[in-house]
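One structure is given here, and the rest of the page talks about it.
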Amino acid sequence: LALNPKEGGDRGVLMCFRESDGHLLWQHTNQKLPDSNKDWPETGVCSAPLAEGDRLYYVSNRCELVCLDAHGDGKGNARVIWKFDMIGELGVSPHNKASSSPASYGGLVFVGTSNGRDENHERVPAPKAPSLIAVDKNTGKLAWQVNDAGDRILDGQWSSPAVGAIGGVVQAVIGEGDGWVRGYEALTGKKLWEFDTNPKASVWPKTRN
């Protein structure tokens, strides 16, 4: 569960409760980023965690993909196995919020980066930063990244990826910030297809978003 900073102070908080009686087992806290355009005030964690076995994956309010031990440290706090900092490692500039919920396949976990426009919506500060990444579940190292939206992002990129077999090919599918939906080969990041969801006669910024 995510705790709103109105109750939790200047933090984004993920909390784990025992299913049988609701007892709080542990929590993972993250300080808010100083840039409000990247970590919107009075919002906490906007990523739904993915639990697999004894590990849990989620995107923090600091634009980090975090892998936690689902059992905690036994003292009421989370035990971090690894973190992947999308801002520090890839130059991502999330617009308003890092919000992607992880998906997984095999040894990889997939998340959208939330890379987007600046506070005034005038430009994309990080046009070369990826929109979707795949990270090794065990090591926390980047496996592949894609950046098909580039500098054409209309606002933000808050979509979460879905992973599944389509036509016998396992692929990661995500809606990107230019209004296109794209499918990528899950293990390599190779683009397989794309579809423009924007109305054909739309014009940015008047009618296209």
Please verify whether Ala165 is farther than 19 Å from Asp196 by Cα and of a type outside the set (S, T, N, Q), treating the condition exactly as stated. yes
Where in the range 92-192 are there strands (runs of 3 or more DSSP E), lying fully within it, with 3 or more residues that are surrounded by 19 or more Cβ atoms within 10 Å (Cβ to Cβ) and either at pLDDT below 95 or of a type outside the set (Lys, Arg) (or both)? 108-112, 132-136, 169-175
Evaluate the range 69-90: report whether one residue or more is within 26 Å of Gln171 (Cα to Cα), of a type in the set (Val, Ile, Thr) and out of contact with any Cys (no Cβ under 8 Å at 6 or more places or on another chain). no
Over the range 39-70, the set of residues of a type in the set (D, E, K, R), in a loop (DSSP other than H, G, I, E, B) and open to solvent by less than 70 Å² (accessible area, probe 1.4 Å) is Asp39
Determine whether the range 71-81 contains at least one residue that is touching a residue at least 24 places away in the same chain (Cβ under 8 Å), within 17 Å of the chain's Cα centre (by Cα) and surrounded by fewer than 20 Cβ atoms within 10 Å (Cβ to Cβ). no
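Output the number of residues of the range 16-31 satisfying the condition of being out of contact with any Phe, Trp or Tyr (no Cβ under 9 Å at 6 or more places or on another chain) and either open to solvent by 30 Å² or more (accessible area, probe 1.4 Å) or outside any strand (DSSP E or B) (or both). I'd like the intermediate steps shown before the answer.
Applying the first criterion (out of contact with any Phe, Trp or Tyr (no Cβ under 9 Å at 6 or more places or on another chain)) to the range 16-31 yields 17-22, 26-27, 29-31.
Among the residues that remain, those that are also either open to solvent by 30 Å² or more (accessible area, probe 1.4 Å) or outside any strand (DSSP E or B) (or both) are: 17-22, 27, 29, 31.
Qualifying residue count, the range 16-31: 9.
The values are calculated or read from the model by the stated rules, or taken from the named source; none is laboratory data. Computed from a prediction, not measured in an experiment: that's the story for all the values here. For neighbour counting, all protein chains shown are included, and Cβ atoms are generated from backbone atoms with ideal geometry for every residue, glycine included. For the accessible areas, the whole protein counts, side chains as well, though only heavy atoms, and no ligand, DNA or RNA atoms are used. Shrake-Rupley method; radii C 1.70, N 1.55, O 1.52, S 1.80 Å.
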